[in-house]
Amino acid sequence: MILILNENTDVNSPDYAQLLKRLRQLPGIQVKAHRIEGSLRAVTEIYLIGDTKQLSVEDMRALPLVERVVRVSEEYRVLGRHKDDHRPAGFDYQGLHFGQDSLHIFAGLCAVDVREHVEAMCRALRDHGLQCTRMGAYKPRTSPYSFQGHGRACLNDVFEIAGKYGIRVIAMEVTHEAHVDEIREALQETGSPTGVMLQIGTRNTQNFELLKAVGRQKEFPVLIKRGFGITLDESLNAAEYLASEGNHRVVFGLRGMKTNMGDPHRNFVDFAHVPVVRRLTRMPVCIDPSHSVGARTAGPEGILDVFHVTAQGVVAGANMILVDFHPNPAKALVDGPQALHLSELPLFIEDVSIAREAYLKRSELARRYAATPAEA
Ligand code: PEP
Ligand code: MN
């Protein structure tokens, strides 16, 4: 059960202390308070965990400071979409809104290699009006002998260059909690010219200690990728780990499943789950067409498979696209074969906007149809 307190409740007030004291006396109930600092207002939510069936919604609503009460199912308590749950979805970061109604393109390098490539990438993004990118510094690789990413050594340069071209958010994978400190330190050293959305990769979806550590910090939002060999439910629970530790600014990423049933694609594309995740949870949903498809193959009409699956995800309501580009894919140190060329960026943006328009029209059609009384 979640108690949503009156807007701007003072957590240092005697009333608040009194409320907590009362709740803590409830038998078999654990009390956890979460404070969500929005750009316009602060919201305090109190989670009652345990045998809440004995509690009535009316009794809880009658308590001082309590504005609304939501009885949640056991599933995805914080991030899930529950009955009569009108809590706002999504979050603001770096002046951008990330919700189930927005769409952001994060085009960029799978892995940072040389300064010139970071600069060429960011310049192209700025020239085409994009403000988000992806830049891998810590790369989880199958072979220990493969390039592992430049790590901390490249961060100051990446942040400075991104800031120079007006990039506001960089999606960047972390594979260890120490990487979060390194990112924070590099941002401080460079005067925070940009922001970072921490990425939990598919290989770490169930690295619970990493999830807890990344969930404990609230400075950076988190993109968590679906685990490539586990169920959707297990991956959504992994996202819930982040939220249960306090960080509610979570985006859920679909990136394909590991099975040879998807051949000849690198992974079996799972973008049919975009509406499923949007229905089960309040998280914005990201698609990663590059790691799903893994190649520059094209349909007979000449449209690349990466474009096709992107359109499929966007037509189904995706809110974020993480996509590999490279100024010189032949020289990329990681995943060159799946990277799009900078010259293809305007084409990609236009193709995405066609799909987005189709999604908006489809949503409008569904709304209209639902509003029409059924014929007898
Ligand atoms: C990536 O986005 O660079 C990446 C490694 O993705 P995934 O964790 O989905 O394989
Ligand atoms: Mn990659």
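Odds and ends about this structure:
- Cα centroids of the range 212-226 and the range 300-325: 26 Å apart.
- Accessible area expressed per residue, the range 296-376, with surrounding protein chains retained (probe 1.4 Å, Å²): 55
- Helix 345-371 and the long axis of the chain differ in direction by around 40°, with both axes built from C-alpha atoms.
- Rg to Rh quotient for the chain, alpha carbon positions, Kirkwood Rh: 1.00
- Column: log10 I(q)/I(0), Debye, Cα scatterers of the range 83-153, q = 0.11, 0.15, 0.21 Å⁻¹: -0.43, -0.69, -0.96
- For the range 246-336, the fraction of alpha-carbon pairs lying more than 20 Å apart is 39 percent, rounded to a whole number.
- Computed over protein heavy atoms with a 1.4 Å probe, the carbon and sulfur contribution to the accessible area of the chain reaches 52%.
- Cross-link pairs beyond the 18 Å C-alpha cut-off, checked among Lys53/Lys83; Lys32/Lys218; Lys21/Lys83; Lys225/Lys258: Lys21/Lys83
- Annotation: aspartates and glutamates with alpha-carbon distance below 16 angstrom to Lys361 (same-chain offsets under eight excluded): Asp101, Asp351.
- Distance between the 7 Å Cα→Cβ label points at Lys83 and Leu20: 3.2 nm.
- Degrees separating the helix 177-189 axis from the principal Cα axis of the chain, which is the longest one: 80
- Equivalent ellipsoid dimensions for the range 189-235 as semi-axes, Å, which come from the Cα gyration tensor, largest first: 25, 11, 8
- Straightening the chain between Ser353 and Arg184 buys 57.5 nm, computed as 0.36 nm per residue apart minus the Cα-Cα spacing.
- Angle in degrees between helix 115-127 and the longest Cα principal axis of the chain, rounded to the nearest 10: 70
- Given +1 at the Cβ of Lys and Arg, -1 at the Cβ of Asp and Glu and no other charges, the dipole of the range 262-306 around its Cα centre is 300 debye to the nearest 20.
- Restriction of the trypsin sites (Lys or Arg not before Pro) in the range 1-83 to DSSP coil positions whose beta-carbon has at most 14 other beta-carbons within 10 angstrom yields Arg41, Lys83.
- Coarse-grained scattering of the range 261-313 at q = 0.14, 0.16, 0.26 Å⁻¹, given as base-10 log I(q)/I(0) from a Debye sum over alpha-carbon atoms: -0.39, -0.49, -0.99
- Computed with the Debye formula from one identical point scatterer per Cα of the range 45-192, without solvent, the log10 of I(q)/I(0) at q = 0.12, 0.16, 0.20 Å⁻¹ comes to -0.70, -0.90, -1.17.
- Exposure check, 1.4 Å probe, all protein chains in place: Glu67 carries approximately 90 Å² of accessible surface.
The values are calculated or read from the model by the stated rules, or taken from the named source; none is laboratory data. Remember, it's a predicted structure, so these values are computed and weren't measured experimentally. Ideal geometry is used to build each Cβ from the backbone, glycine not excepted, and the neighbour counts take in all protein chains shown. SASA here: full protein model, heavy atoms, side chains in, ligands and nucleic acids out. Shrake-Rupley method; radii C 1.70, N 1.55, O 1.52, S 1.80 Å.
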